[in-house]
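K.L.:
Got a structure for you, questions after.
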Amino acid sequence: MDARDAEKQAAAEAAVAHIEDDMTVGLGTGSTVGFFLLALARRKPSVRCVATSSGTETRAAALGIAVESFGGTLDRLDLAVDGADQVADDLWLVKGGGGAHTRERIVAAAAARFVVIASSDKLVERVGPPVPLELLRFGLSATLRRLADLGPVEVREAPATPDGGVLADYRGPVEDPAVLAAALGAVPGVVDHGLFPPTLVSSVLVGRADGTVRTITERNGKAT
Ligand code: 5RP
């Protein structure tokens, strides 16, 4: 295993320590979450899970982790665990490299605690481009014309999301993530963007290759 994967595994193992029997758990998307699924499957807790992508759902099922629909009566979760593309000093995140950010935000927002797991290469001073977008197919050209007022946007060569959305990336500057998040979210046709605010994040677990983990919370995020 290379050092990056060892960091991901360390973060994933630390996240599994947050799991208790009878919890409802949201499963994120990506390679770091892949390590979390492996660690969860090894521990076999008695939990109810929902997944943020079909990839995670398939992977979880293959490991014997039952995943239920998030379209039924389940309306809140105890814990969500997910990766990130960027984790800034002020705990703003960029997510959606895997195109699952819309579902990931819904799951994170439904959870009492949202724990982010990351390797050290995800740490940045300030979040920057690209910022993933999910756009409605309907009126796509009009949406892209409005988005162009904010900065350059490239439509991804990628399949539609499970909800039929078109994936794109905002590639302009990110001077103030809160201002940009509000501006992107206000464009009709934008289903969601990948800027996740610090208020959503309970803690970030950054793995080290030696198996130890640095925990960043809102309180110590700037200082450590
Ligand atoms: C998917 C995501 C992922 O969490 C993010 O892309 C990180 O992935 P990885 O763990 O593979 O680096 O936001 O939409």
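A short reminder: the numbers here are calculations on the coordinates, not readings from a lab. Keep in mind that what you see is a predicted model, and the values were worked out from it rather than measured. Ideal geometry is used to build each Cβ from the backbone, glycine not excepted, and the neighbour counts take in all protein chains shown.
K.L.:
Which listed residue (Val115, Leu93, Ala148) has the Cα farthest towards the positive end of the charge dipole for region 36-194, taking +1 on Lys and Arg C-beta and -1 on Asp and Glu C-beta about the Cα centre?
P.N.:
Ranked along the dipole, the leading option is Val115.
K.L.:
Could I ask something else about it? Which translational diffusion coefficient, to the nearest whole µm²/s, is obtained for the chain from the Stokes-Einstein equation, given a Kirkwood hydrodynamic radius over C-alpha pairs, 25 °C and 0.890 mPa s?
P.N.:
In µm²/s, the coefficient rounds to 139.
K.L.:
Something else: Starting from the amide H of Ala111, placed 1.01 Å from N in the peptide plane, find each other amide H under 5 Å away whose residue is 5 or more places distant or on another chain.
P.N.:
Leu77
K.L.:
Please list, short to long, the whole-number percent of alpha-carbon pairs of region 131-193 in consecutive 5 angstrom bins beginning at zero.
P.N.:
Bins of 5 Å from zero give 4, 20, 34, 26, 12, 5, 0 percent of pairs.
K.L.:
Send over the Kirkwood Rh of region 87-142, from the inverse of the averaged 1/r over different Cα pairs, rounded to one decimal Å.
P.N.:
Taking the inverse mean of 1/r over all distinct Cα pairs, region 87-142 comes out at 13.1 Å.
K.L.:
Expressed in nm to one decimal, what extension gain is obtained for the pair Ala41 and Ala112 from 0.36 nm per residue of sequence separation less their Cα-Cα distance?
P.N.:
Full extension from Ala41 to Ala112 adds 23.3 nm.
K.L.:
How many nm is it between the label spots at Glu20 and Arg156, if each spot is 7 Å from the Cα in line with the beta carbon?
P.N.:
Roughly 3.6 nm, to one decimal.
K.L.:
Next question, about the same structure. Once phi is turned into ³J(HN,Hα) by the Karplus curve 6.51 cos²θ - 1.76 cosθ + 1.60 with θ = phi - 60°, what whole-Hz value does each residue of region 45-56 show in order, with x for glycine and proline?
P.N.:
Rounded to whole hertz, the list is x, 8, 10, 9, 10, 10, 10, 8, 7, 5, x, 5.
K.L.:
For the chain, what does -39500 (n - 2.57) per DSSP helix run (n ≥ 4), summed and divided by total residues, give at 222 nm, in deg cm²/dmol to the nearest 500?
P.N.:
-8500 deg cm²/dmol
K.L.:
Placing +1 at every Lys and Arg Cβ and -1 at every Asp and Glu Cβ, with all other atoms neutral, what dipole size does the chain have around its Cα centre, in debye to the nearest 20?
P.N.:
140 debye
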